[in-house]
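The values are calculated or read from the model by the stated rules, or taken from the named source; none is laboratory data. The structure presented is a predicted model; accordingly, all values stated were derived computationally and were not measured. Cβ sites come from the backbone with ideal geometry, for glycine too, and all protein chains shown count toward neighbours. The area values use the complete protein model at the heavy-atom level, side chains included, leaving out ligands, DNA and RNA. Shrake-Rupley method; radii C 1.70, N 1.55, O 1.52, S 1.80 Å.
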Amino acid sequence: VSLRRGLGPAVRWADERSGSGFVGPRDGEAWHARLKEELTALIKYVQINKDQDNDWFQVECNKTGTRWNGRCWFFHEQVRYEFELAFEIPATYPTAAPELRLPELDGMTAKMYRGGKICQDIHFQPLWSKNTPGFGVAHALALGLGPWLAAEVPDLVGRGMLTRLAK
């Protein structure tokens with residue numbers, strides 16, 4: 001099941017739901033409606049992962065849906081590596097994707113910016129731009145954070161940088 005098809009209408013924020021489709025945190029009631037759809041899509045994505053025994057993150061947001069915190073984990077060579085996850089919804093959302101942060105990994109890899117923000121420039125940002133406003137938080141996690149963890153965690157483990165984060 002593809003992510004887009006699996007999450008169904010909850011992630012297709014097109015013109016029929018929000019007028020222009022480009023609804024962000026500055027848009028009052030329209031943002032609350034979009035946030036409800038974002039949460040619905042995220043719950044569906046988590047359910048798909050749990051059904052496939054592929055649960056790999058937990059997140060929650062503040063009341064306004066602008067600050068998100070949680071944990072994500074990755075298994076490598078039968079060891080679980082767990083990280084703090086945080087991000088904010090930018091004021092220009094959905095034009096701009098959320099900048100996902102893993103503060104515990106700050107400075108450990110070249111594919112990261114100050115403050116633990118993961119690099120999404122080359123692979124994820126063009127995909128996000130092409131699919132705006134249809135992409136949301138679930139897509140940022142599935143298509144931004146997931147592949148980043150799959151590429152970077154094995155490298156960090158191989159260099160001996162994650163021994164204190166192993167569970």
* To do: Would you check if there is a residue in region 69-79 being among the aliphatic types (A, V, I, L, M), at pLDDT 95 or above, at negative phi and open to solvent by 10 Å² or more (accessible area, probe 1.4 Å)?
  => no
* Structure fact -> Within region 127-150, of all residues that are more than 14 Å from the chain's Cα centre (by Cα) and open to solvent by 60 Å² or more (accessible area, probe 1.4 Å), the one farthest from Tyr81 (Cα to Cα) is Lys130
* **Filtered residues of region 96-107 (kept if buried (at least 17 other Cβ atoms within 10 Å of the Cβ) and either out of contact with any strand residue (DSSP E or B) (no Cβ under 8 Å at 6 or more places or on another chain) or of a type in the set (A, V, I, L, M, F, W, C) (or both))** => Ala97, Leu100, Leu102, Leu105
* Any residue in region 113-142 that's under 21 Å from Lys44 (Cα atoms): show its pairings with residues that are at pLDDT 90 or above and open to solvent by 70 Å² or more (accessible area, probe 1.4 Å) at Cβ separation under 6 Å, as long as the two are six or more apart or on different chains. => Thr132/Thr95
* Identify all residues within region 50-63 that are open to solvent by less than 70 Å² (accessible area, probe 1.4 Å) and closer than 13 Å to Glu38 by Cα; write none if there are none. => Val59, Cys61
* List the pairs whose first member sits in region 25-39 and is touching a residue at least 40 places away in the same chain (Cβ under 8 Å), whose second member is hydrophobic (A, V, I, L, M, F, W, C) and part of a helix (DSSP H, G or I), and whose Cβ atoms are under 9 Å apart, counting only residues at least 6 apart or on separate chains? -> Pro25/Trp31; Pro25/Leu35; Glu37/Ala10; Glu37/Val11; Glu38/Ala10; Glu38/Val11; Glu38/Val137; Glu38/Ala138
